[in-house]
Amino acid sequence: MSSSSEVQEGLSSVTRGTLFLLFGTLCYVGLTFVARVVLTRSISFTDWDAFSLGLTLVGVVSAVGTLGLPSAVARSLPYVATDAERRSIVRGALAIGGASAVGTSLVLWLIGPWISQRLGLPSLVPALELFPIAVATSVIGTIIAAIFQGYEDVTPNAVFVQIVTPGLWVVFVVALFVLPPKGIDYESAIVAYVAANAISLLLSVAYLLRQLPRVLPAGAGSPGAVAPLMRFALPLLLVGLMGALTGSGDTLVLGAFDPTAVGTYTNSLTLARLIQVAIGAAAYIFLPVAARFLRTRDFASIRMTYVTVTKWLILFSLPLFLLFFFLPSRSLDFVYGPQYATIVIPLQIVVIGAFLTTVMGPATNAQVALGQTHLLAFNAAIAVAIDLGVSLALVPTYGIPGAAIAWASANASYTALSLIEVAASTGVHPFEPHFYVPVLVTAAPVAAILALAPIHYPLWSLPVIGLAIVGLFIVVVLLTRSIDEGDQLLLGAVEGLVGRPLPLLRRIGRFGRPRPKT
């Protein structure tokens, strides 16, 4: 198979997986938002702060409980040569991960009262009595999803994690809200969340039992494959823990100094993370695709796939960044209502960090695919030091803005370090002229208009502005002749997905190709 054919096949897999995961993630965001709205209108501010803090703890403990196995499994399955090795990897991951899920959830349950006492938040006690169940289901469900990620199948993650779990949570919360006689309260909201996670795990297990034999036939394993898997996973355990702390350490520090501010702060973080949705979806499926290229040392294909994916996913992140940064009050009002529209500075800060991570592409997943796990662990440790250090320095004085600065600095630094190391060792990076020129030419005039024009934008206009930015970016790509070989291969991959040629797009694409040199 030619290199171009391999890139097109890889782009096809990345495109299919990204679109599926992007749809799932948007469902997750929408469904979670519905649940948040119902809860914020039903329980007290103190209970909502405790609920949010409990979810943060679930994320951190779950990251420890996975032992670094998800990324290790997703990279190892396409990298090893035989099905016997793959069987041992799958069996070992499920056995070790299952034991860790039980152990970490039990630890959280045992120390829950102490955590509540230390934070001076008695309302956290009910959450930490039941949320350990969600920790166990999250760990096992993530490992099951990683097994299929290794086979470039995003269904368990997109369907069960992103859609079914929040969907069931919404169903339970809304049912409790509308059904007499009691309605919804804090304790029932906790039960609803845990029940949704448990049912979703059962469905994931059913999918595993049904679908895994189709891609991995039964047979003998290769016991020697488990030890390399665990050696590969060990640095990723540190990465997972550090990543959870980088994403949540600022929230935990804010909770320690001002628990009543956590709920408001997480509203801004939710919007910032929305900017990262598309690149996160692409990174998930980019990992096994890059590992497959690495098996034949095909760095050119990795580089072309990397820059093409990063370039076109800017269509999702750039409009959101421009709207959230330059129209923060209107954006908060559009999503959460006017009661949050005045808290704009934290949103502006965190969206800067979120956007910087997207323009650098899936650098951390590229490092996992390349086997640079020790470097990744080092980067993660630096990011945690930045997050916690800046939080401890700024939160006591500045509160939410201090936490926002810590989050933005840590997340941008983490991705930047990974990208520098990947670029230095392999030459893989996204900063080709056909990527950054359209971004700058699109962003500059839009930013100037949004920042300087004295216009009061109605809420309905925000989605229209976002779509206009998408259209402008595409026009700029064509006018600056920023269509390259990777873009043409991506179009071929899209044609393969839809099952027919797209001659109009091909004609438009030819207009945007660079003029031949004379």
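Every number in this text was worked out from the coordinates using simple rules, so none of it is lab data. These figures come from a predicted structure and were not determined experimentally. Every residue, glycine as well, gets a Cβ built from its backbone with ideal geometry; the counts of neighbours run over all protein chains shown.
What ranking do Trp169, Trp312 get, fewest neighbouring Cβ atoms within 10 angstrom at the top? Don't skip to the answer; put the middle values down first.
On the way: Trp169 25, Trp312 21.
Placing the least packed residue first, the sequence is Trp312, Trp169.
Dividing the C-alpha radius of gyration of the range 222-329 by 2.2 N^0.38 Å, with N its residue count, gives 1.44. Annotation: for a label point projected 7 angstrom from Cα along Cα→Cβ of Ala416, residues of the range 346-362 with backbone N closer than 16 Å are 349-361.
For the chain, a crude dipole built from +1 on the beta carbon of Lys and Arg and -1 on the beta carbon of Asp and Glu, taken about the Cα centre, is about 1200 debye to the nearest 20.
Among Ser418, Ser116, Ser268, what is the fewest-to-most ranking by other Cβ atoms within 10 Å? Intermediate results must be reported in sequence, preceding the final value.
Details: Ser418 25, Ser116 21, Ser268 28.
Listed from fewest to most nearby Cβ atoms, that is Ser116, Ser418, Ser268.
A cut-off of 5 Å between modelled amide H atoms, ignoring neighbours fewer than 5 places along the same chain, links Val80 with no other residue. Remark: the range 351-430 projects, on average over all directions, an area of 4.9 nm² (convex hull of Cα atoms). Using C-alpha pairs under 8 Å with a sequence gap of at least 6, the mean separation divided by the residue count of the range 3-431 gives a relative contact order of 23 percent. Amide H contacts for Tyr151 (H built 1.01 Å from N in the peptide plane; partners 5 or more residues away or on another chain; cut-off under 5 Å): none found. As a rough footprinting exposure proxy, the listed residues Thr270, Thr442 were ranked by other beta carbons within 10 Å of their own, and the order from fewest upward is Thr270, Thr442.
Between Trp114 and Ala206, the FRET efficiency from the beta-carbon distance, with R0 = 51 Å, is close to 0.85.
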